[in-house]
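To keep things clear, I will list the structure first and then write my remarks on it.
What follows draws every value from the coordinates through simple rules; no lab data is involved. These figures come from a predicted structure and were not determined experimentally. Glycine also receives a Cβ, built like all others from the backbone with ideal geometry; neighbour counts cover every protein chain displayed.
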Amino acid sequence: MKDIRNQKVWLFLLFLIVFPVLYSSFFPKELLEGDLKSYSVFTQHFSFLWLSQACLGGILLLQPGKLVWQDWLVALGVGLVSCGITIPLLPSGVLNGFAAGIAYLAVKGFIGTEEYPFFIQPEKKERYKNIGIIVVCVLIFFLLRYWMITITKTSFRWNVSWEILLRGLAAGISEELIFRMLLLAIAVKLAGGTPPFLAAVLLMTLPFAMYHAMEPLVYQNVAGAVRIISSVFIRAVLLVCLLKERDCVTAMLVHAGYDIVVEIVTYSAA
């Protein structure tokens, strides 16, 4: 019985990998007339399909009896912040907020045990360590970004705005909940307990990487897709390690810090 349950986890992972490939293969190429316009078309469409599936999976996992009113309040706050992933606000942003809120409620029953990570460390000493980790990671991101810009001999400039801050925070919170915690919770449900380690790691990293490679997949740029998938996969593995060894909030804020730094520390032609 355990083997059958584990097979379900692997099949679920296979579906999440095949889905974006099939989508990109059958996307109507006649819509690809302008880079920015076409990117918006298939990004919005694919996001709607993916987030709709995430909402459905989260709703099926909901256990209202295990939730208290504070959980619903946190889910509301998470959902509102996560809507900011699209500025100006778009339907996909609203759906992203709803999916993030549902994901939070869905995985709440799996949090707080020794097997699965906490949303936030209960001990103050550990929280201070997490704050230090977040600060150090963001500083490293900044230095690496600055170094990459300077070695290309382009001029460095700041690009600070509240839209960038909100978009980065929304991405960090919603993507950790939907791509990491919700998928882990579904795997736990399918396996009837702890899923196979490799399957769990791949489940929390590979679909996330492929989601970020939709542009080269749609344009059938295999080399570009492999490059983006490899790069995002490595970052996702690091975030999974943070989530497992520290807590989900630390992973969220490090993720948000990376996205914010990438957009704030930018460049212009020399």
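The figures follow:
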{"item": "Nearest-20 debye value, the chain charge dipole, Cβ charges on Lys, Arg, Asp, Glu", "result": "380 debye"}
{"item": "Exposure proxy ranking, count of Cβ atoms within 10 Å, fewest first, for LYS244, LYS125", "result": "LYS125, LYS244"}
{"item": "MRE, 222 nm, helices only [DSSP H, n ≥ 4, -39500 (n - 2.57), over the chain, to nearest 500]", "result": "-23500 deg cm²/dmol"}
{"item": "Residue exposure sequence - ARG246, ARG235 - by fewest surrounding Cβ within 10 Å", "result": "ARG235, ARG246"}
{"item": "Rounded FRET efficiency, nearest 0.05, which uses the C-beta distance separating TYR128 from PHE48 and R0 of 41 Å", "result": "0.50"}
{"item": "Hz values of 3J(HN,Hα) by residue in the stretch 230-240 - Karplus curve (6.51, -1.76, 1.60), Gly and Pro given as x", "result": "5, 5, 5, 4, 4, 5, 5, 4, 5, 5, 5"}
{"item": "Taking PHE233, PHE197, PHE48 and counting other C-beta atoms within 10 Å, the order from fewest to most", "result": "PHE197, PHE48, PHE233"}
{"item": "Cα gyration tensor, the stretch 163-264 - rounded (a/c under 1.5), prolate or oblate", "result": "oblate"}
{"item": "Rounded if a/c under 1.5, otherwise prolate or oblate - the chain, Cα gyration tensor axes", "result": "oblate"}
{"item": "THR150/VAL262 FRET efficiency (R0 25 Å; Cβ-Cβ; nearest 0.05)", "result": "0.95"}
{"item": "Which of GLY132, LEU169, LEU182, positive extreme of dipole for the chain (C-beta unit charges)", "result": "GLY132"}
{"item": "Selection from GLN70, VAL21, LEU89 lying farthest towards where the dipole of the chain points positive, charges on Cβ", "result": "GLN70"}
{"item": "Estimated distance in nm for a label pair at PHE15 and LEU143, the labels positioned 7 Å out from Cα along Cα-to-Cβ", "result": "4.4 nm"}
